[in-house]
Amino acid sequence: MRVPVQVDASPAPFTFDPATTALVVIDMQRDFCEPGGFGETLGNDVSLLRSVIPPLQQVLATARELGMTVIHTREGHVPDLSDCPPAKLNRGNPSLRIGDPGPKGRILVRGEYGHDIVDELAPARGELVIDKPGKGSFHGTTFGAELEARNIRSLVVTGVTTEVCVHTTVREANDRGYECLVLSDCTGSYFPEFHRVALEMVAAQGGIFGWVAPSTALFDALV
Ligand code: C5J
């Protein structure tokens, strides 16, 4: 592997040093990816997110082999919901609201089975897990401080959903000066059209929010 690594990406090659790059795995939780969780209460077909898991498993394995920083995030709230603004709690007409008991525990509440990461992508010992109350990874968390403490400059961003928590995190990171590569097949949405357009939005206008590439381009760059 030659450093810096150069990935064939859109709109231009993405160059990074694994020593100063974090793999960020956003919200690959049962609450979003499996039946009986938050995603399903909102009327979504959660099976649409399953295709993200196999390529993301490969990317995780590669990042671990390279000794890269790996950070997982989980969206959710403390049990008394004091960190859940009424605007989020009361919005829409879900079949179950945040905090209600569901088949996988209380919906989107920390410590519940449904809130945790799917077995296939379980964090390894020593990997950071950031619990966040919002869609972005910086708001109300230590994510920014953890990146700074590790001298991270670039992020390889994966997870769900592309147009919500992935996009919000990439926008927040871009404003803070991080260079973000979004892996197209390692992100997913309940709305395939939103996924496609969200990725286009990242790379448009010369990469206004960052870069986009499939995981195969990352693997090709690492040989
Ligand atoms: C959503 C997320 N979609 N993790 N959360 O509400 O994208």
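The values are calculated or read from the model by the stated rules, or taken from the named source; none is laboratory data. None of these values were measured; they are calculated from a predicted model. Note that each Cβ is placed from the backbone with ideal geometry, even for glycine, and that neighbours are counted across all protein chains shown.
Reported count of residues in segment 84-122, each being without any contact (Cβ under 8 Å) to a residue 60 or more places away in the chain, hydrophobic (A, V, I, L, M, F, W, C) and part of a strand (DSSP E or B), is 1.
Taken together, the residues in segment 128-152 that are in contact with a strand residue (DSSP E or B) (Cβ under 9 Å, 6 or more places away or on another chain), crowded, with 16+ Cβ neighbours inside 10 Å and more than 21 Å from G67 (Cβ to Cβ) amount to 8. Beta carbons closer than 7 Å, at least 6 apart along the sequence or on distinct chains, pair a first residue in segment 150-174 that is farther than 22 Å from A19 by Cβ and of a type in the set (K, R) with a second that is away from the ligand (no atom under 13 Å from the Cβ) and at pLDDT 95 or above for R171/F209.
From the list D31, D8, D27, D17, the one residue that fits, being among the charged types (D, E, K, R), at pLDDT 95 or above and out of contact with any Asp or Glu (no Cβ under 8 Å at 6 or more places or on another chain), is D17. Restricting V212, V202 to residues that are touching a strand residue (DSSP E or B) at 6+ places or on another chain (Cβ under 8 Å), outside any strand (DSSP E or B) and modelled with pLDDT of 95 or more narrows the list to V202. Every listed requirement among (1) part of a helix (DSSP H, G or I); (2) touching a Phe, Trp or Tyr at 6+ places or on another chain (Cβ under 6 Å); (3) within 16 Å of the ligand (Cβ to nearest atom) is met by S137 save one, (1). Residue count for segment 184-212 satisfying the condition of being in contact with a Leu (Cβ under 6 Å, 6 or more places away or on another chain) and hydrophobic (A, V, I, L, M, F, W, C): 3. In the set (1) over 21 Å from R74 (Cβ atoms); (2) outside any helix (DSSP H, G or I); (3) within 16 Å of the ligand (Cβ to nearest atom), the condition left unmet by C186 is number (1).
Just one residue in the set A149, A124, A87, A145 is modelled with pLDDT of 95 or more, within 14 Å of the ligand (Cβ to nearest atom), more than 14 Å from D27 (Cβ to Cβ) and among the small types (G, A, S); that residue is A87.
Going through (1) surrounded by 14 or more Cβ atoms within 10 Å (Cβ to Cβ); (2) part of a loop (DSSP other than H, G, I, E, B); (3) of a type outside the set (A, V, I, L, M, F, W, C) one by one, R125 falls short only on (1).
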